[in-house]
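Peer 1: Would you mind keeping the following structure in view while I ask a few things?
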Amino acid sequence: MNLFKLLMGLFLWVGLITISKADASKSWFQWRGPFMNGSLPQAAPPIKWSETSDNLKWKTRLPGGGHSSPIIYDDRIFVLSAKEVGEILSDDVDKPNKKDLNLLRRLVGSKLVTRKIQYIVMALSRTTGKIIWQQVANEKIPPELIHKTASWCSASPITNGKYLLALFGSAGLYCYDLEGNLQWEKDFGDMDIFWDFGEGASPSLHRDSVILNWDHQGQSFLTSLDISTGKENWRTEKDEVTSWSTPIVVTVNGDPQIVTSGEKRTRGFDFETGRLIWEVSGLTSNIIPTPIYYDNAIIVASGYRGQVIQSIRITDAIGDISNTKAILWKNKGNAPYTPSLLLYDDFLYGLKGNKAILSCFNPETGKLYFGPERLPDIKTVYASPVGAGGHIYITGRNGNFVVLKHDKQFKIIAKNKLDDNFDASPAIDDSHLYFRGHNYLYCIGKIDNNKYVKP
């Protein structure tokens with residue numbers, strides 16, 4: 001499959017957002033970028049940076065924290081955050097069905113919620129990093145504990161150029177205009193997350209609809225809402241357990257389908273009605289990676305209690321397609337747990353679990369090009385890899401970064417370091433990288449206002 005065919009296919013299916021008539025492929029307006037696969041091939045960001053280099057254009061301290069990744073639209077960057085506020089309440093929070101909170105904390109490394117959480121939406125200037133506006137969407141005590149490495153704010157925002165959607169899970173879904181004025185809000189109730197690991201799936205957009213995947217230990221569902229009012233178009237209940245995977249919208253036989261990835265099933269739903277079209281088993285538990293579309297197939301992955309990457313042909317798929325010829329290939333091992341896969345041209349990159357061990361595959365056949373290869377100076381990775389300008393960028397939790405050549409051969413081009421810790425995935429524009437750390441948002445690159453895309 002050549003590059004032209006791939007890009008044409010991407011433009012046909014990535015109808016996730018209708019952004020006027022401009023070239024929206026240059027704007028990182030959603031989780032995993034314009035193609036929902038982590039790549040921006042035509043961009044040319046730097047490959048070297050540090051706290052003291054000229055390539056560090058600015059860094060801004062953010063209020064609160066979170067794993068939520070930044071998005072870019074026009075001359076602004078949109079970021080979500082969560083901040084502990086108020087008085088300490090108690091170490092004895094009533095937790096139904098949790099008999100021994102101290103034992104629970106020892107088992108999963110969770111911390112007890114003792115303060116209210118302030119859920120924050122903000123816009124920053126892309127040129128200076130200055131916070132332009134900041135709104136508190138909600139302030140409440142979360143219903144559950146949280147894993148020590150998770151965050152109260154893990155879903156990424158999304159925009160269509162008119163509306164900005166911010167999802168905080170149990171704290172609600174909020175719609176703003178791009179000047180920070182609240183348009184509507186929606187409360188879906190409290191999530192019951194497996195082992196209180198935390199919440200995380202991001203919303204998606206297609207045409208004038210917001211798509212939300214609500215997988216938890218209670219009644220799971222997929223829903224579509226009108227973007228201008230928040231009114232539900234439909235809701236489809238699912239037999240599914242907790243997942244943190246973001247839904248995608250693809251075009252199949254000329255019609256849009258919503259694809260979700262889960263522990264029990266990967267599923268395809270009719271975009272207009274929410275009707276289940278097809279489903280397939282094959283993954284392990286705790287699904288986090290976002291599905292990827294490639295040449296009429298969906299590639300999904302899971303990396304907890306077993307590692308699986310699976311490619312599923314969905315053209316003409318109907319009903320249960322498990323154990324049929326629709327399964328194009330399936331690899332066991334070297335699959336990501338928290339990070340998503342990266343599709344860049346005809347190359348599929350994936351980390352092993354949460355480790356800094358990288359492999360590269362042929363997305364059509366699953367054949368291994370290289371790997372597993374250990375990356376230097378990085379132990380753990382939560383951020384998803386991104387690709388641009390012929391390079392692959394890997395972000396370590398410890399503030400170390402590795403840049404590789406985008407190729408069938410494993411070749412390290414550069415190693416970099418910033419004085420923060422990183423769990424959020426990077427965002428990219430034509431010539432910049434944006435890294436959201438625990439404390440700061442960093443802009444790496446050469447400023448050129450004339451290259452800003454205004455959809």
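Peer 1: Can you list residue pairs whose Cβ atoms sit under 8 Å apart, with the first residue in region 311-332 being in contact (Cβ under 8 Å) with a residue 12 or more places away in the chain and the second being hydroxyl-bearing (Ser, Thr, Tyr) and assigned to a strand (DSSP E or B)? Count only pairs 6 or more apart in sequence or on different chains.
Peer 2: Ser311/Tyr294; Ile312/Thr266; Ile327/Ser311; Leu328/Ser311; Trp329/Ser311; Lys330/Ser311
Peer 1: Please list, ordered by first then second residue, the pairs with beta carbon atoms under 6 Å, 6 or more apart or interchain, first in region 429-449 and over 19 Å from Leu40 (Cα atoms), second among the aromatic types (Phe, Trp, Tyr) and at pLDDT 95 or above.
Peer 2: From residues that are over 19 Å from Leu40 (Cα atoms), the pairs are Gly437/Phe422.
Peer 1: Does Thr223 fit the bill of being assigned to a strand (DSSP E or B), touching a Lys or Arg at 6+ places or on another chain (Cβ under 6 Å) and surrounded by fewer than 22 Cβ atoms within 10 Å (Cβ to Cβ)? Talk me through it step by step, then tell me what you get.
Peer 2: Working: assigned to a strand (DSSP E or B): yes; touching a Lys or Arg at 6+ places or on another chain (Cβ under 6 Å): yes; surrounded by fewer than 22 Cβ atoms within 10 Å (Cβ to Cβ): yes.
Yes, satisfied.
Peer 1: Just a yes or no: is a residue in region 396-406 at pLDDT below 95 and part of a loop (DSSP other than H, G, I, E, B)?
Peer 2: Checking region 396-406: not a single residue is at pLDDT below 95 and part of a loop (DSSP other than H, G, I, E, B).
Peer 1: Mind listing whichever residues of region 234-252 are touching a residue at least 40 places away in the same chain (Cβ under 8 Å) and touching an Asp or Glu at 6+ places or on another chain (Cβ under 7 Å)? Can you show your working first?
Peer 2: Going through region 234-252, the residues touching a residue at least 40 places away in the same chain (Cβ under 8 Å) turn out to be 234, 236, 241-252.
Once the filter is applied, which keeps residues that are touching a residue at least 40 places away in the same chain (Cβ under 8 Å) and touching an Asp or Glu at 6+ places or on another chain (Cβ under 7 Å), region 234-252 yields Val241, Thr242, Ser243.
Peer 1: Return yes or no: is Ser359 within 30 Å of Leu276 (Cβ to Cβ) and either in a strand (DSSP E or B) or in contact with a strand residue (DSSP E or B) (Cβ under 7 Å, 6 or more places away or on another chain) (or both)? Spell out how you get there, then give the answer.
Peer 2: Values: within 30 Å of Leu276 (Cβ to Cβ): no; either in a strand (DSSP E or B) or in contact with a strand residue (DSSP E or B) (Cβ under 7 Å, 6 or more places away or on another chain) (or both): yes.
So Ser359 fails the test.
Peer 1: Could I ask something else about it? Val210 is checked against (1) in contact (Cβ under 8 Å) with a residue 60 or more places away in the chain; (2) more than 15 Å from the chain's Cα centre (by Cα); (3) over 16 Å from Gly64 (Cβ atoms); (4) outside any loop (DSSP other than H, G, I, E, B) and fails just one. What number does that condition carry?
Peer 2: Only one criterion is unmet by Val210, namely (1).
Peer 1: Out of Asp423, Asp407, Asp377, which single residue is in contact with a Cys (Cβ under 9 Å, 6 or more places away or on another chain) and acidic (Asp, Glu)?
Peer 2: Asp407
Peer 1: Out of Ala201, Ala171, I need the residue that is over 24 Å from Tyr434 (Cβ atoms), modelled with pLDDT of 95 or more and of a type in the set (A, V, I, L, M). Which one? Break it down stepwise before answering.
Peer 2: Numbers: Ala201 fails: over 24 Å from Tyr434 (Cβ atoms).
Matching residue, one of Ala201, Ala171: Ala171.
Peer 1: Counting only residues that are charged (D, E, K, R) and in a loop (DSSP other than H, G, I, E, B), which one in region 226-266 is surrounded by the most Cβ atoms within 10 Å (Cβ to Cβ)? Step through it out loud before you land on a result.
Peer 2: So in region 226-266, the residues charged (D, E, K, R) come out as 226, 231-232, 235, 237-240, 255, 263-265.
Then keep just the ones that are in a loop (DSSP other than H, G, I, E, B); that gives 231, 239-240, 263-265.
Working: Lys231: 10, Asp239: 10, Glu240: 23, Glu263: 20, Lys264: 17, Arg265: 20.
Selected residue: Glu240.
Peer 1: Listed residues Tyr393, Tyr382; which is touching a Lys or Arg at 6+ places or on another chain (Cβ under 8 Å) and either surrounded by 23 or more Cβ atoms within 10 Å (Cβ to Cβ) or not acidic (Asp, Glu) (or both)? Lay out the reasoning, then the answer.
Peer 2: Details: Tyr393 fails: touching a Lys or Arg at 6+ places or on another chain (Cβ under 8 Å).
Only one candidate qualifies: Tyr382.
Peer 1: Pick from region 355-365 the residues that are of a type in the set (S, T, N, Q) and surrounded by fewer than 19 Cβ atoms within 10 Å (Cβ to Cβ): which of them is nearest to Thr395 (Cα to Cα)?
Peer 2: Of all residues in region 355-365, those of a type in the set (S, T, N, Q) come to 359, 362, 365.
Narrowing further to those that are surrounded by fewer than 19 Cβ atoms within 10 Å (Cβ to Cβ): 362, 365.
Details: Asn362: 23, Thr365: 27 Å.
Taking the candidates together, the pick is Asn362.
Peer 1: Shifting gears a bit: Can you work out which of the residues in region 407-448 that are assigned to a loop (DSSP other than H, G, I, E, B) and of a type in the set (A, V, I, L, M) is farthest from Ile72 (Cα to Cα)? Explain how you work it out, then say what you get.
Peer 2: Taking region 407-448 as the starting set, the residues that turn out to be assigned to a loop (DSSP other than H, G, I, E, B) are 407-411, 418-421, 423-426, 429-431, 438-439, 446-448.
Still in the list and also of a type in the set (A, V, I, L, M): 418, 424, 447.
Details: Leu418: 21, Ala424: 14, Ile447: 15 Å.
Ranking the candidates gives Leu418 first.
The values are calculated or read from the model by the stated rules, or taken from the named source; none is laboratory data. Note that the structure is predicted; figures quoted are calculated from it, not measured. All Cβ positions, even for glycine, are placed from backbone atoms using ideal geometry, and neighbour counts span all protein chains on display.
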